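The values are calculated or read from the model by the stated rules, or taken from the named source; none is laboratory data. As the structure is a prediction and not an experimental result, all values here were calculated from the model. Counting neighbours? That spans all protein chains shown, and the Cβs are built from the backbone with ideal geometry, glycine included. When the accessible area is computed, the model is the full protein with side chains, heavy atoms only, and any ligands, DNA or RNA have been set aside. Shrake-Rupley method; radii C 1.70, N 1.55, O 1.52, S 1.80 Å.
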Amino acid sequence: RYNPALRNKITAIMFNPFLKYQGLEFFGTIESAKGNRAGLDERTAKQFAGELIYRFGNDENYYIGGRYNKVDSEEESGDDIEISRFQLGAGWFMTKNILLKAEYVSQKYDGFSSGAFEDGKFDGFMVETVISF
């Protein structure tokens, strides 16, 4: 999770394409926000994301897919930072409201000079169950 701390005079634009052909789905995000915090120079934060999944099974209750997300932003400190995340996964909708999924995740934080994200990265597998109401 990243907050670019743009609070004053914000201009933002976002585009979210969604395309589906049979069991193949693409969802994307292109986002740009420009603004500042009182008394500081204007900065820009951008996000690009794409997810491609293939749903299969009688009710399309299984899927495999991949996701990529990149954040490119200017920090108040002047640092140009980049956060990137890549995921490959598969899932099973056990019911309409319960999902079981397994994913490989690789996430990197670059350009931070200090703080919680400095030299941050994560590589590993995760198994997750999600229940929605």
- prompt: Within region 90-111, is even one residue at pLDDT below 95 and open to solvent by less than 30 Å² (accessible area, probe 1.4 Å)?
  reply: yes
message: Anything in region 112-125 that is open to solvent by 60 Å² or more (accessible area, probe 1.4 Å), out of contact with any Phe, Trp or Tyr (no Cβ under 6 Å at 6 or more places or on another chain) and modelled with pLDDT of 85 or more? List them, or say none.
response: LYS121, PHE122, ASP123
field: Breaking point among (1) free of Cβ contacts under 8 Å to residues at least 12 places away in the same chain; (2) under 30 Å from LYS20 (Cα atoms), for GLY78
entry: (2)
- request: Name the one entry in GLN47, GLN22 that is modelled with pLDDT of 90 or more, at positive phi and out of contact with any Phe, Trp or Tyr (no Cβ under 8 Å at 6 or more places or on another chain).
  value: GLN22
message: Consider region 20-38. How many of its residues are under 20 Å from ALA102 (Cα atoms), of a type outside the set (A, V, I, L, M, F, W, C) and surrounded by 15 or more Cβ atoms within 10 Å (Cβ to Cβ)?
response: 1
query: Can you find a residue in region 39-47 that is open to solvent by less than 90 Å² (accessible area, probe 1.4 Å), of a type in the set (Ser, Thr, Tyr), in a loop (DSSP other than H, G, I, E, B) and within 29 Å of SER77 (Cα to Cα)?
result: no
- prompt: Of all residues in region 61-84, which are open to solvent by 50 Å² or more (accessible area, probe 1.4 Å) and modelled with pLDDT under 95?
  reply: ASP72, GLU74, GLU76, SER77, GLY78, ASP80, GLU82
